[in-house]
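Every number in this text was worked out from the coordinates using simple rules, so none of it is lab data. Please read all numbers here as calculations on a predicted model, not as lab measurements. Cβ: placed from backbone, ideal geometry, glycine included. Neighbour counts: every protein chain shown.
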Amino acid sequence: MSAPAHWARAEWGLLYATVRRALRARGWRAVPMTLGAVCLTAVLQVVQNQSWGYRLVQDTGAVRAGDPLWLALVRTPLSLFVPALDLPVWGALAQILVVFGIAEICLGWWRTLVVAYVATLAGTLYARAGIALGPHRPLLGLPGADALVVDTGPSAAVVGLAVFLCWRYRAYATAGIVIGAMAAEVIVKDNLAGKEHLAAIAAVLVVCCLSAARHRCSGRERAAAGSGLPPIHS
């Protein structure tokens, strides 16, 4: 086996085997939530491009830092599936189909939605903090005009899920590539979307650390139970 093939097998082998096994056994029935998300995103794209539907989608699923916080929180769940108007919708649909689909198989549908929501919410809350800091803070701050810019839509959730999956299946090099690409995006094009992607990654990395700590604690408790000693609670 060549070195690249060996690397690919070590990096993606477990993830590939998990997805392949599920799709061979159940086909598209393995990803019902993902198919629903793709359909919802497509419908929202069609509706928001109609003269009668644009305001409807904006009022229910478009999040801006200038909105009241309570309103942004109410709209955030649907905002995961509202594609950006200035980008080709097929890109958003492909991202959701691939990344959400793999995540649904590997994590389950509700964990997928939780991680996606955490990533999107992190970007939403960061935008408010960045505008409060102001443009004179080049790394974290944002100009006041960004308060009128619509949040990233599905992309922050996709990036967050990709990083979480890479951590869960030990594809650490791939996770580094994703994080590096998002950092390069901010360097090349310093805009709200790029920084929201980095905020989403930061939030997901915190989730990874918490999950790892929980598993270590559970492992110690199982080991203590197996040895007949009382469990250690940290």
- Task: Run the dipole for the stretch 10-133 about the Cα centre, Lys and Arg Cβ at +1, Asp and Glu Cβ at -1, nothing else charged, and hand back the magnitude in debye, nearest 20.
- Result: 400
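Per the Kirkwood formula on distinct C-alpha pairs, the Rh of the stretch 64-103 is how many angstrom? Numbers along the way, then the final one.
Working: mean 1/r = 0.0856 Å⁻¹.
After inverting the mean inverse Cα-Cα distance, the result is 11.7 Å.
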- Cα-based Debye curve of the stretch 93-211 sampled at q = 0.09 Å⁻¹ gives log₁₀ I(q)/I(0) of -0.23
- Taking only Cα atoms, what is the 0 to 90° angle, nearest 10, from helix 3-26's long axis to the longest principal axis of the chain? 80
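With only Lys, Arg, Asp and Glu charged, each at its Cβ (+1 for the first two, -1 for the last two), find how big the charge dipole of the chain is about the Cα centre; round to the nearest 20 debye. Intermediate values should be presented prior to the final figure.
Values: 20 positive and 11 negative charges, 195 e Å.
The dipole magnitude comes to about 940 debye.
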- Item | Neighbour-count order for Cys208, Cys166, fewest beta carbons within 10 angstrom listed first | Cys208, Cys166
- With axes computed from alpha carbons, what is the tilt in degrees of helix 109-133 against the longest principal axis of the chain, rounded to the nearest 10 within 0 to 90? 50
- Between the stretch 145-181 and the stretch 42-102, the alpha-carbon center distance in angstrom: 17
- Based on the alpha carbon coordinates of the chain, what radius of gyration and maximum Cα-Cα distance (Dmax) apply, in Å? 19.7, 69
